[in-house]
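Written out below as structure tokens is the structure these notes cover.
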Amino acid sequence: MCGIIGYIGYQEACPVLLKGLHRLEYRGYDSAGLALNDGSCNLRIYKCKGRVSELENFLQGKDISGTIGIAHTRWATHGVPDNVNAHPHESQSGNIVLVHNGIIENYALLKEVLSSNGYVFKSSTDSEVLVNLIEYVKNTNGCSLLEATRQALRQVVGAYAIAVMEKNDPDHIIAARQSSPLAIGIGKGEYFLCSDAASIIEHTRDFVYIDDGEMAVISRNEDLKVLKLDNSEGKINVRKLELSISQLEKGGYPHFMLKEINEQPRTITDCIRGRIDVGNMNVTLSGFTFNKEKFLNAERIIFVACGTSWHASLIGEHLIEDLCRIPVEVEYASEFRYRNPVIRKNDIVIAVSQSGETADTLAAIEIAKKSGAFVYGICNVVGSSIARATDSGTYIHVGPEIGVASTKAFTGQVTVMAMLALAIGQAKGTISGEDFHRIVRELHNMPETIAETLKSSERIADLAKIFTYARNFIYLGRGYNYPTALEGALKLKEISYIHAEGYPAAEMKHGPIALIDTEMPVVAIATPDHTYDKTASNIEEVKTRGGRILAIVSKDDRHIRRIADYCIDVPVISECLMPLVVSIPLQLLAYHIAVYKGMDVDRPRNLAKSVTVE
Ligand code: AGP
């Protein structure tokens, strides 16, 4: 994962880099560092374990002058998070310095070769191997830094976004990308490089996204050059980033996660805007319209995704099978990519990803494309690698999601899947007019429905106090709400570090019921649907064994209210849209429990927002 950033221009680089690193911290936050050159070949590296704020403290009183620099915030892969393994890494002579996001898979082999040529390594990282490889190639061939980097990268197997500088050259940064994001920001008389364009939007809105196998030569007072690893010229396509700074700030909330939960009435409005026309009873998704025949002829749809996006895809499976009668499979991208999946010509592969940068999902897309399938993306980040790698798709348009635990992206993904299922179902004639009209109206009203659901926040905060010291949780749901239960459990695990499992309610008696005792809280989703009575019986089974039940029910519920210890009321709409409603109290429950436990809700331990390594 990790975030990289670089600057060359007329401003002091350090403040630009530090501000950018703060914005990139969602990508990893176990150590941070930067390298600056003051123009008289005085290259200084400052780095330390911990967050960017600790780096800022460490920089107090140090010489931080210089109008060129590169910086890094780390999510450790090779080597523990400490000062030595923190980036930037310098070459053995100290002449070349590098920051790297990704994994060099053949680093052990390269390290052996370098060791036999006299190189000694200070850190345990794969990145230090790469900077020394560049130096070795440069010294052996007597070539420029650009040429040495190009030749070194041709020997590398793995993923990288890198930025490299040389001690005696304060006018150039070389950057390159393979499977890890990299954008170059173009200002007036200055350039920026970064893992995520949002990290530098105060400075520029004009970006060139570097593609896999490309290198960028960023020079003071010269035009940007893009080269491919085979030395041919790459295209420079400048794109405008539409984003406001306020979207990247907390807006008065104590955490991004709480802000993002509360934003959902607005983010759903943005997601359905121009797509749901309740007057004419139309659902228009341009990605579907332009590829209608493909969807109508699809023999099967395969979702590939990870984490929360995988849970949303399980809901997509229900929606498409119910409303379109097309068989659907949902695959973990990480499993799909390493087996030998049967993909047929008339299959559609839908890749779902908030960040659009998840390495496993990107690799699954490549496999699907090689097999000739049409690949559709459901992404949030505009211009991301997955958005660019897919044949067509739909953006969820929920704005930047900064809290590591995904909330508004989940509801945005499910909303897009509901619209896609409605559009396909209508075109295929597999959904009745009555159902179509009802679901379209409910989607149109979804922002108000979610606003209504959010009103239970205080009640949920009170309930959270009761459960703060639980060590395990079980989440139960059936049908559309089985994936919602999985997502609720994931939210709790991620930010409160409480062990939690989601199960289909009826599956309990096949094993997990053995875990039930008076210490075990069970969150049961029991809203009215066609399995309500069955779910009620499953809850009775838990109650009989002493489990403590927190049920999500409709306001009018009488039956489960009598069995459950605690209830949270939610508005009731069509079964196929209930995950959008039910996920709200589950997000709030996880949030409030984590806050009571004093956890770092937005940056939970060991996690990063964007998983760009496999
Ligand atoms: C969600 O809360 C997680 N942090 C994580 O599971 C995430 O959904 C997963 O890594 C996939 O990310 P993506 O949607 O950006 O591809």
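Readers should treat all values here as calculations from the given coordinates under stated rules, not as data from a laboratory. These figures come from a predicted structure and were not determined experimentally. Note that we place each Cβ from the backbone using ideal geometry, even for glycine, and neighbour counts take in every protein chain shown.
Some notes on this structure:
- Pairwise label distance in nanometres, residue 144 with residue 277, each label 7 Å out on the Cα-Cβ vector: 5.4
- Ranking of 355, 457 by neighbouring Cβ atoms within 10 Å, starting from the fewest: 457, 355.
- Tilt relative to the chain, helix 481-496 - C-alpha long axis, 0 to 90 degrees, to 10: 50
- Proxy reagent accessibility, fewest Cβ within 10 Å first, across 555, 292, 408: 555, 292, 408
- Restricting region 151-257 to GluC sites (Glu not before Pro) that sit in a DSSP loop and have at most 14 other Cβ atoms within 10 Å of their own Cβ leaves 202, 222, 242, 249.
- For the pair residue 232 and residue 247 in one chain, pulling the backbone fully straight at 0.36 nm per residue adds 1.5 nm over the alpha carbon distance.
- Percent breakdown of C-alpha pair distances by 10 Å bin, ordered from the shortest bin, for region 1-97: 18, 53, 27, 2
- Here the extension length gained between residue 596 and residue 168 equals 148.9 nm, from 0.36 nm per residue of separation less the Cα-Cα distance.
- For region 54-141, convex hull volume per residue from C-alpha positions, Å³: 115
- Net length available on complete extension from residue 205 to residue 497 is 101.3 nm, with 0.36 nm assigned per residue and the Cα-Cα distance removed.
- Shape annotation for region 516-572: C-alpha extents along the principal axes are 31, 19, 15 Å, from largest to smallest.
- Neighbour net charge for residue 475 - beta-carbon separation under 10 angstrom, K R +1, D E -1: -1
- Fraction of the pair-distance distribution of region 85-222 above 19 Å, Cα-Cα pairs, percent: 49
- Among beta bridges that DSSP assigns inside the chain, antiparallel share in %, nearest 5: 60
- 31 Å tail of the calculated P(r), the chain, as % of Cα pairs: 52
- Straight-distance candidates among the lysines for linking to residue 345, with alpha-carbon spacing under 28 Å and chain neighbours fewer than 8 residues away dropped: 292, 294, 369, 370, 428.
- Residues of type lysines that residue 122 reaches as a straight line, Cα spacing below 22 Å, ignoring anything fewer than 8 places off in the same chain: 47, 49, 111, 138, 167
- Shown is the FRET efficiency for residue 507 and residue 284, computed with R0 = 30 Å from the Cβ-Cβ distance and rounded to the nearest 0.05: 0.15.
- Rough spin-label spacing in nm, given labels placed 7 Å along Cα→Cβ, for residue 458 and residue 605: 3.4
- Placing R0 at 30 angstrom, the Cβ-Cβ distance between residue 41 and residue 240 gives a FRET efficiency of 0.25 after rounding to 0.05.
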